[in-house]
Amino acid sequence: MSAIPSISIPAALVASLLCFFGDGRFPENPTAPPTRRLSTLERMRIPRLEAVHTDIGNLAKQRREVPPVQGLREFRVICHSHASDSAHTGGTLPEMLADAKRAGVHVILLSDHFRPPRDFMAGWRGIHEGVLFIPGSEARGFLIHPQASIMDRMDLPVPELLRSVTTHGGLAFLSHIEERFDHSMEGLDGLEIYNRHWDAKRDRTTLIALALKLTNAREVAVLAEALRRFPDEILAAQIDYPSDYLEKWDSETPRRRLTGVAANDCHHNQVFVVKMADENTVIIGTSIDPDDRMQRVSALLRPSIRELMKGHRPGDSLVRLDFDPYLPSFHSVCTHVLAPSLDEPSIREALRRGRAFVAFDWMGDSSGFRFEANARSAEAPTAWVGDEIHLGGSLELQARFPLPCSRIRLIRNGTQAAFARGYSLRHRVHEPGVYRVEGWLRLDGEDRCWILSNPIYVR
């Protein structure tokens, strides 16, 4: 989530938002991804969180190990990450490092907000306590990771800027696709195929409802209990299938190779607070908001505020709920990269080649997932995820998963080409195309997207 937007709450809207919404059941097209069954608010109910947590535990017991890729290791990589780089970032680099170690993260690609004259390439670089940091910036709609400073070229026209970034092995990805669906992919290494911020931006209803819950002592206690017991599940409640992002990716990859990465867009800025303004009013916002930018709510509109105010004075903090520490953000989604070693050149090259997959690991450890192409006459796989291969009469694609999937979808040029359930999918290839795989897990009766692979390009 990004910082909570300024929200006005008309009195007529309050009553309707105090109720949960319908479950959104619709007839499903078997060749399309399943539709969401529960609203975010329903997913955040403790019985639902308990059911999801139980299903995650049961799935973990069914884990099967998949043979590793010879000569390659698998690394958990966080892309699009912020620490101490703007007024709306609440986290720090030491905090990020500590939670990366706890989450088993190997690499963090920093995406500092562009703040001249500060040079974003002067940030953390190299191995820090076992975690590799690669500096970069979120600037002009891109995630850029040049090899050296380009501060004197940041104002160049986009084509020239991108050439400056990607020279000598730098990386550039299109960011926040929802703001630029029609943007050219020329000169880019790839794009975000999921961004946590987009889920929050298009779910204002939940943000308003949470603001209302923060003014009710009983509901605040329930939220606090849910956060204590189920931090990963709470943060993931808003996650939806990134159909808009994937549509952009699928429309572009038949024309050029593009690596898809996950954008955690983590800031540690969703610490929701309620403060007492006066004897009749509270202000609601996040820990990064100045008081004069927070939403004012009157006890005349929400009488339950009185209970929160008992024993307090103006200026006192009444509620503080931390929804997005780096740890659950890192658990939530990451980009798994296959590279020979944990060093900057290897990680950069693997990302450029698309030797990666995106996984929502809060649902289950995706380590070991494999997507490969095999010629039946060959003893070993002919191509791995990210590779190109020529169509042959005996070419077969195979996806193998460490957990049993409720749905496995093989996508060719944006259209489902094959379907399976369980631990694997095999498909005989009869036509060229850009093939990628999705794995879905069933949690609390919902099929939820777990793995999005980068493609194998069959020419």
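Of note:
- Lysines with Cα under 25 Å of K248, excluding same-chain neighbours fewer than 8 positions away: K201
- Mean residue ellipticity (222 nm) of the chain, computed from DSSP H runs ≥ 4 via -39,500 (n - 2.57), nearest 500: -7000 deg cm²/dmol
- Around the amide H of E388, modelled in the peptide plane, lie the amide H atoms of Y457, all under 5 Å away and 5 or more residues distant in sequence or on another chain.
- Segment 261-308 and segment 112-160 have Cα centres spaced 33 Å apart.
- Alpha carbon centroid spacing (whole Å) that separates segment 39-74 from segment 411-459: 18
- A convex hull fitted to the Cα coordinates of segment 273-367 yields 170 cubic angstrom per residue.
- Evaluated on segment 206-346, the Kirkwood hydrodynamic radius is 18.0 Å, with distances taken between all distinct Cα atoms.
- Residue-by-residue Karplus 3J(HN,Hα) for segment 385-392, coefficients 6.51, -1.76, 1.60, Hz, glycine and proline x: 3, x, 7, 10, 8, 7, 5, x
- Between helix 93-103 and the chain: long-axis angle, C-alpha atoms, 0 to 90°, nearest 10: 60
- Where Rh is the Kirkwood radius over Cα pairs, Rg/Rh for the chain: 0.99
- Helix 217-229 axis, angle to the chain major axis (alpha carbon atoms, nearest 10°): 30
- Using the Karplus relation 6.51 cos²θ - 1.76 cosθ + 1.60 with θ = phi - 60°, the per-residue 3J(HN,Hα) values for segment 266-276 come to 7, 10, 6, 10, 9, 9, 7, 10, 10, 10, 7 Hz, with x marking Gly and Pro.
- Segment 149-264 - percent relative contact order, Cα under 8 Å, separation 6 or more: 34
- Ranked by the mean number of other Cβ atoms within 10 Å of their residues, highest first, the peptides 201-213, 73-85 fall in the order 73-85, 201-213.
- Crossing angle, helix 46-60 versus the chain [Cα axis fit, 0-90 degrees, rounded to tens]: 20
Throughout, read-outs are computed from the coordinates displayed, never taken from laboratory work. This is a predicted model, so every value here is computed, not measured. Methodologically, a virtual Cβ is constructed for each residue, glycine included, from the backbone with ideal geometry; neighbour enumeration extends over all protein chains shown.
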